[in-house]
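This report concerns only the one structure given below.
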Amino acid sequence: MTMDFASRVERVEPSATLAISNKAAELEAEGKDVVDLSVGEPDFDTPENIKQAAKDALDAGHTGYTPSNGIPELKEALVEKLHDDGLTQYGTENLIVTPGGKQALYEIFQTLIDDGDEVALLDPAWVSYEAMAKLAGGSLTRVDTAAHDFQLAGALDDLADAVSDDTELLVVNSPGNPHGAVYSDAALEGVRDLAVEHDITVISDEIYKEITYDGVEATSLGTLDGMEDRTITLNGFSKAYSMTGWRLGYFAAPEALVSQAGKVHSHSVSCAVNFVQHAGIEALTNTDEAVEEMRQAFAERREFLIGLFEEHGVHVPEPQGAFYMMPEVAPDGDDTEWCDAAISDAQVATVPGSAFGTPGYARISYANSKERLQEAVDRLAEHDLI
């Protein structure tokens, strides 16, 4: 029997980040010591109080279905957080709680994008944005920020040339994966001006909002005048609270979009896991100290790793948020080939920049100990990869 596969699936490539993780797992299964700098998750355990809240919720019998868009208590806690971030336009009616940030993105793309609709991405862009757009039938317009050390402010003219009245959706991720850049207020105001001029809806992916450095704070795009009703604010619990496997995210949007996206949500995942939602309330209300401890550890590792690369003459644009950096590893060559050599020869797992739309670079996660970061750089140097 020959199966015919849907064109929407065949136009999407497998996740490059997961492919690298799978390769690392295979080598480890063979007994190799792999320094995995490809992972997009904190290396800290979920804080104890969050785990205890989940256990208490299980013991209390919170194991059934919940209201599709989320339990009222969590939605109220999320509204309070959003208001603290200046996003006072959102109420509980503007929220959908999802099983992870990816599901939130999927629902948004499926709700807004028809065949041929144009989606604008700021490269380097997280790998799943492209896949989400293609699954929905969208076409892509891409704007490169690498020449400006990944800062959007220097690429606003290019963005202005790229978007038009035909642009349906723009995705902004600040602090960003894979580059760690935090976009300035001036850059976000430039986005606002273009969105208003061309009537573009904007996704503001703020999954790393709580992880910033050097006193920098990430401005929520939806707080800018003119963006209140055209911004979809997306966030989740995976990164700030080290809850990647718990699968809990959410998005806030105008009520009309929530109503339409709710159809996708209810007919796909039904609801986020009940007891996990209760753990999310604990994360939002009683975990600031643990979040700060993780942020400080990431800040120290960032400085340490940049210093190691500089010792080998490798320039790395200094990230102001998240826990990634992107050194230029193959300016005249093939970044995929470099990453293959890094894992095959040095047993150091990284992700090629071309997976994010930025050839010549590699994404490196510093969600690892200083000892392992040192080991990784030493191995790369030993194999003449830096």
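List of remarks:
- Condition met for THR350 (over 25 Å from ALA29 (Cα atoms), among the polar types (S, T, N, Q) and surrounded by 24 or more Cβ atoms within 10 Å (Cβ to Cβ)): no
- The residues listed here are GLN374, GLN320; of these, the one that is in contact (Cβ under 8 Å) with a residue 40 or more places away in the chain and surrounded by 21 or more Cβ atoms within 10 Å (Cβ to Cβ) is GLN320.
- Residue in the range 276-283 that is buried (at least 21 other Cβ atoms within 10 Å of the Cβ), among the β-branched types (Val, Ile, Thr) and either closer than 27 Å to ILE364 by Cβ or in the same structural domain as THR88 (by TED's automatic domain parsing) (or both) present: yes
- Filtered by the rule that a residue be among the β-branched types (Val, Ile, Thr), buried (at least 21 other Cβ atoms within 10 Å of the Cβ) and assigned to a loop (DSSP other than H, G, I, E, B), the range 205-216 gives ILE207, ILE211.
- Number of the condition not met by PHE5 [criteria: (1) more than 24 Å from the chain's Cα centre (by Cα); (2) hydrophobic (A, V, I, L, M, F, W, C); (3) surrounded by 14 or more Cβ atoms within 10 Å (Cβ to Cβ)]: (3)
- Output for the range 11-41, where each listed residue is farther than 21 Å from TYR366 by Cβ, acidic (Asp, Glu) and more than 24 Å from the chain's Cα centre (by Cα): GLU26, GLU30
- Flag if GLY101 is of a type in the set (Gly, Ala, Ser), under 19 Å from the mean Cα position of the chain (by Cα), outside the structural domain of ALA341 (by TED's automatic domain parsing) and closer than 25 Å to ARG301 by Cβ: yes
- A search for C-beta distances below 7 Å between a residue of the range 19-46 that is more than 15 Å from ALA341 (Cα to Cα) and any residue that is surrounded by fewer than 15 Cβ atoms within 10 Å (Cβ to Cβ) and modelled with pLDDT of 90 or more, counting only pairs 6+ apart in sequence or on different chains, returns nothing.
- Selection within the range 61-94 - in contact (Cβ under 8 Å) with a residue 24 or more places away in the chain and farther than 27 Å from LEU224 by Cβ: HIS62, THR63, GLY64, TYR65, THR66, PRO67, SER68, ILE71, GLU73
- Residues in the range 220-245 that are buried (at least 21 other Cβ atoms within 10 Å of the Cβ) and of a type in the set (Val, Ile, Thr): THR231, ILE232, THR233.
- Yes/no for LEU159 being closer than 30 Å to GLN277 by Cβ and not assigned by TED's automatic domain parsing to the domain that holds PRO14: no
- The set of residues from the range 81-115 being part of a loop (DSSP other than H, G, I, E, B), closer than 20 Å to GLU168 by Cα and among the hydrophobic types (A, V, I, L, M, F, W, C) comprises just one member, ILE113.
- Looking only at the range 230-248, and only at residues there that are of a type outside the set (D, E, K, R) and assigned to a loop (DSSP other than H, G, I, E, B), the one that is farthest from ALA322 (Cα to Cα): LEU248
- Among the residues of the range 114-150, those that are among the polar types (S, T, N, Q) and touching a strand residue (DSSP E or B) at 6+ places or on another chain (Cβ under 8 Å) comprise SER139, THR141, THR145.
- Residue check, ASP345 at pLDDT below 95 and among the acidic types (Asp, Glu): no
- Under the condition of being farther than 21 Å from GLY61 by Cβ and touching a strand residue (DSSP E or B) at 6+ places or on another chain (Cβ under 8 Å), the residues counted in the range 270-301 number 1.
- Selected residue [under 13 Å from the mean Cα position of the chain (by Cα) and surrounded by 17 or more Cβ atoms within 10 Å (Cβ to Cβ)] from VAL143, VAL171, VAL163, VAL191: VAL171
- Residue match in the range 354-366 (condition: farther than 24 Å from VAL143 by Cα, surrounded by 22 or more Cβ atoms within 10 Å (Cβ to Cβ) and in contact with a Lys or Arg (Cβ under 7 Å, 6 or more places away or on another chain)): yes
The values are calculated or read from the model by the stated rules, or taken from the named source; none is laboratory data. Values in this document were obtained by computation on a predicted structure and should not be read as measured data. A quick note on method: Cβ atoms are made from the backbone with ideal geometry, for glycine too, and the neighbour counts reach across all protein chains shown.
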